[in-house]
Amino acid sequence: MRDLIILGGAGGMVVLYQDLREVYPDIKVAILDERSEAETAVVCRDTLPVIRDWDFTPARRFYGLDDNAFRSFLPTFTYPRVKKLLVEKALARGLAPAPTFVHPGAKIYGEISCGAGGFITMGTWIASDARIGNYVCAGSPSVIGHDVDIGDYCTIGTNSALLGFVTLGEGVQVSPGAIIRTGIKVAPWVIIGIQAAVVSDIVKEGITVGGVPAKEIKSRKSGPVPMDRFRPPEP
């Protein structure tokens, strides 16, 4: 991998960048952050160009690359609703998702299927016949059991566990330390709170659940956030 756009400048960007740099020491990365006022950012002691207006010409000049550079992207380890917003903007501008980045330190047993535009961090454990959608991020050291089905845009937090035959709808956020029991189905755009234990199906879309056992604690509108939500204010 020669060059890459990272969508979003949150802390998850650091996790993704440090894993990428470990595997591809010479990779050239540009950060897309619509809210940033800086032209560069220091990440893992490297200075990276920051783009806010979707014009990557300055990033190409920064590295001395040609016009074919910075055409593919990966989103950061972030909230699924924000992730979908950024991906839709990138696709609308003719950019393409990079293949899902799987760190060599991830443990994969048997055959799995995996979509594009996501990343699997070092130490993640994935069992056979797992099906992972597009733009899925999994933090270390999460566990994805056998025959698990993960929808597009899901985020799997650090130290979480999805036991065998779990199904996650689109845009589910599994927070750090959460555990989902074997065979459970989770509706789209649900947020599962930190260290929650999900022991029964969640059929209502767009809610937040937490506790042991997990119960609804908040309801909100399902689906991605409005497109204007993260645009910079007018001068």
(Q) Report every pair of residues separated by at least 6 positions or lying on different chains whose Cβ atoms are under 9 Å apart, first residue within region 198-225 and within 10 Å of Val186 (Cβ to Cβ), second of a type in the set (Lys, Arg) and modelled with pLDDT of 95 or more. (A) Val198/Arg181; Asp201/Lys185; Ile202/Lys185; Val203/Lys185; Val209/Lys215
(Q) One residue is enough: does region 127-140 have a residue meeting the conditions surrounded by fewer than 24 Cβ atoms within 10 Å (Cβ to Cβ) and aliphatic (A, V, I, L, M)? (A) yes
Q: Please work out which one of (1) surrounded by 19 or more Cβ atoms within 10 Å (Cβ to Cβ); (2) among the hydrophobic types (A, V, I, L, M, F, W, C); (3) within 18 Å of Ile156 (Cβ to Cβ) is the condition Cys114 fails and give its number.
A: (1)
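Of everything in region 151-171, what is within 11 Å of the chain's Cα centre (by Cα), buried (at least 24 other Cβ atoms within 10 Å of the Cβ) and not in a strand (DSSP E or B)? Give them in sequence order.
Taking region 151-171 first, the residues within 11 Å of the chain's Cα centre (by Cα) are 152-157, 171.
Okay, now just the ones that are also buried (at least 24 other Cβ atoms within 10 Å of the Cβ), so 153-156, 171.
Correct list: Tyr153, Cys154, Gly171.
Could you list all residues from region 95-110 that are assigned to a strand (DSSP E or B) and crowded, with 19+ Cβ neighbours inside 10 Å? Full working, then the answer.
Within region 95-110, the first condition is being assigned to a strand (DSSP E or B), and the residues that meet it are 96-97, 99, 101-102, 107-108.
Pro97, Phe101, Val102 - these are the residues of region 95-110 that are assigned to a strand (DSSP E or B) and crowded, with 19+ Cβ neighbours inside 10 Å.
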**Q.** All positions within region 1-50 that are in contact with a Pro (Cβ under 7 Å, 6 or more places away or on another chain), in a strand (DSSP E or B) and surrounded by fewer than 20 Cβ atoms within 10 Å (Cβ to Cβ)
**A.** Thr40
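Here are Lys83, Lys107: which of them is of a type in the set (Lys, Arg) and over 16 Å from Met13 (Cβ atoms)?
Details: Lys83 fails: over 16 Å from Met13 (Cβ atoms).
Exactly one of Lys83, Lys107 is of a type in the set (Lys, Arg) and over 16 Å from Met13 (Cβ atoms), namely Lys107.
Residues checked against (1) out of contact with any Cys (no Cβ under 8 Å at 6 or more places or on another chain); (2) among the basic types (Lys, Arg):
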position	(1), (2)
Gly8	yes, no
Gly11	yes, no
Val14	no, no
Glu22	yes, no
Asp26	yes, no
Arg35	yes, yes
Asp46	yes, no
Asp55	yes, no
Pro58	yes, no
Q. When you look at Leu74, is it over 16 Å from Gln173 (Cα atoms), part of a strand (DSSP E or B) and modelled with pLDDT of 95 or more, yes or no?
A. yes
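Could you tell me whether region 83-94 includes any residue that is in a helix (DSSP H, G or I), of a type in the set (Lys, Arg) and crowded, with 19+ Cβ neighbours inside 10 Å? Explain how you work it out, then say what you get.
Step one: filter region 83-94 for residues in a helix (DSSP H, G or I), giving 83-92.
Those left that are additionally of a type in the set (Lys, Arg): 83-84, 89.
If we keep only those that are crowded, with 19+ Cβ neighbours inside 10 Å too, we end up with 83-84.
Scanning region 83-94 turns up at least one residue that is in a helix (DSSP H, G or I), of a type in the set (Lys, Arg) and crowded, with 19+ Cβ neighbours inside 10 Å.
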Q: Can you confirm whether region 126-140 contains a residue that is acidic (Asp, Glu), within 18 Å of Asp201 (Cα to Cα) and outside any strand (DSSP E or B)?
A: no
Q) How many of the residues making up region 207-235 are at pLDDT 95 or above and under 19 Å from the mean Cα position of the chain (by Cα)? A) 1
**Q.** Ala161 in contact with an Asp or Glu (Cβ under 8 Å, 6 or more places away or on another chain), small (Gly, Ala, Ser) and more than 24 Å from Leu7 (Cβ to Cβ)
**A.** no
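Considering only residues that are in a helix (DSSP H, G or I) and not charged (D, E, K, R), look in region 55-71 and name the one that is surrounded by the most Cβ atoms within 10 Å (Cβ to Cβ).
Of all residues in region 55-71, those in a helix (DSSP H, G or I) come to 57-63.
Restricting the remaining residues to those that are not charged (D, E, K, R) gives 57-59, 62-63.
Working: Thr57: 10, Pro58: 14, Ala59: 22, Phe62: 17, Tyr63: 15.
My answer is Ala59.
Going by what's in this entry, would Val148 be described as within 30 Å of Val190 (Cβ to Cβ), buried (at least 22 other Cβ atoms within 10 Å of the Cβ) and not assigned by TED's automatic domain parsing to the domain that holds Gly11?
yes
The values are calculated or read from the model by the stated rules, or taken from the named source; none is laboratory data. The shown structure was predicted, so the numbers you read here are calculated from the model rather than taken from an experiment. Note that we place each Cβ from the backbone using ideal geometry, even for glycine, and neighbour counts take in every protein chain shown.
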